[in-house]
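Enquirer: The following block contains the structure, expressed as structure tokens.
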Amino acid sequence: MKQDARGEDRRAPHRASARRAPHGAPEPEEPPRTGQYRPSKSPAQRVTEDRYRPGGRRTSAEPLSASWKPHQEARETKKAEEPPKSGLANLTKTYGWRVYALPILVVLTVLVVVNTANSPAEPIAEQGAPAGVESAGGDTSGGAIDGDGEQGIPENPATPVDLKVPTADLPNGSPFTQAGTGQWHTVPGNGPKVGSGKLYTYTVDVEDGINPASYAGDDAFAAAVQGTLSDPKSWTWDGKIALQRVDKNFPNPSFKVSLTTPETTHRADACGFQITFEASCYRKSMGRVLINLARWVRGAKAFGADMTAYRQYAINHEVGHALGNQHVGCGGNGQPAPVMMQQSFGVSDDYVSMLNDIPGGDKGKVAKDGRVCVPNAWPNPTP
């Protein structure tokens, strides 16, 4: 029985091809088959990679297959269904909160750069200095920054002006060296700590190339500086500050009191020379109190022939800037001028106000009130 069924199945295709119906005639119904069912074979198909394409349907004669990366395919399908995102959305998705932080950091950086370019330098931390030693603050072209961070005004205004101030001219007198080498040497020697409170250390320096005959030599200048700053009428008078002279081997002194030629003080990185009045200054970026040799030799008209008093004033005034003090005006007619008044140019508030009341000057600090003081060299003239 099984043999007959197989035989009949083998003959079926020949009968179908032999009795092909004429064109247009209805196909005759196939007689029901008996025996084992064998499905007809489909035409041979070329197996390509399409059957492995994600989402493709399995065709006949293909084996069942599983995806190697089902999760990735699911994500790719989901991604294809999502609408395209804008550039900002893509950046946000990629970098998260950094997208919002970056513009803020750029703005802050610009502000810091602008502020740094337009502001005086901050104090540099001392390295290797003994405990309790404080670095000096302040730096402008001849001025300072006080303890509250306000900018003091240089004795030379920021822009060139022609002020006819009789007492600001350099007096006639002995010759001096106009230009040195721009380098300094430290005068050997040190001294004891004077005063209590915060300690400021200093060296005494002299620019190379100066004729010693004009200032009586290094030792004379060093003795004048140390003697002035050790006097109880100087800056140690109130117990808040201590001063001590040190030698060149001391690491990072607070400042260096430096006798300097006019040409070097005129440099833009030193005191500057916006107007033609010789001046001393404190320049923190150099770490130096620059004492102008021209003033050291000739003095100032307000002091007349009293060269000792003027030199004491010049030291106290410029060291006062290194300690953070600003310029001030006369306290009253006939009173001793404050040591931080610009006495190299005069002791009249009207004169000082003219110097300061210009672009870049210390406007409003000194009123043009007609007050005239008398010269004074000391922070505390009556101890």
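Enquirer: Residues in the stretch 232-241: is at least one surrounded by fewer than 24 Cβ atoms within 10 Å (Cβ to Cβ), free of Cβ contacts under 8 Å to residues at least 60 places away in the same chain and under 16 Å from Ala322 (Cα atoms)?
Expert: yes
Enquirer: Would you point out the residue of the stretch 279-305, among those that are in a loop (DSSP other than H, G, I, E, B) and within 26 Å of the chain's Cα centre (by Cα), that is surrounded by the fewest Cβ atoms within 10 Å (Cβ to Cβ)?
Expert: Applying the filter and picking the extreme gives Ser285.
Enquirer: Out of Asp238, Asp247, I need the residue that is among the charged types (D, E, K, R) and either within 22 Å of Leu293 (Cα to Cα) or within 33 Å of the chain's Cα centre (by Cα) (or both). Which one?
Expert: Asp247
Enquirer: Of the conditions (1) assigned to a strand (DSSP E or B); (2) at pLDDT below 95, Ala270 satisfies every one except a single condition; which number is it?
Expert: Of the numbered conditions (1) assigned to a strand (DSSP E or B); (2) at pLDDT below 95, the odd one out for Ala270 is (1).
Enquirer: Same structure, new question: So which of Gly324, Gly329, Gly299, Gly320 is of a type in the set (Gly, Ala, Ser), farther than 22 Å from Gly227 by Cα and out of contact with any His (no Cβ under 8 Å at 6 or more places or on another chain)?
Expert: Residue meeting the stated conditions: Gly329.
Enquirer: How many of the residues making up the stretch 205-230 are farther than 15 Å from Phe176 by Cα and crowded, with 22+ Cβ neighbours inside 10 Å?
Expert: 7
Enquirer: Considering only residues that are loosely packed, with under 15 Cβ neighbours inside 10 Å and in contact (Cβ under 8 Å) with a residue 12 or more places away in the chain, which ones fall in the stretch 253-278?
Expert: Listed by number, the residues that qualify are Ala268, Asp269.
Enquirer: Please state which of the following conditions Gly209 fails to meet, knowing it meets all the rest: (1) free of Cβ contacts under 8 Å to residues at least 40 places away in the same chain; (2) in a loop (DSSP other than H, G, I, E, B); (3) over 32 Å from the mean Cα position of the chain (by Cα).
Expert: Result: Gly209 fails condition (1) only.
The values are calculated or read from the model by the stated rules, or taken from the named source; none is laboratory data. Only a predicted model underlies this, so the values are computations on that prediction, with no experimental measurement involved. Positions of Cβ are generated from backbone atoms using ideal geometry, with glycine treated the same way; all protein chains shown enter the neighbour counts.
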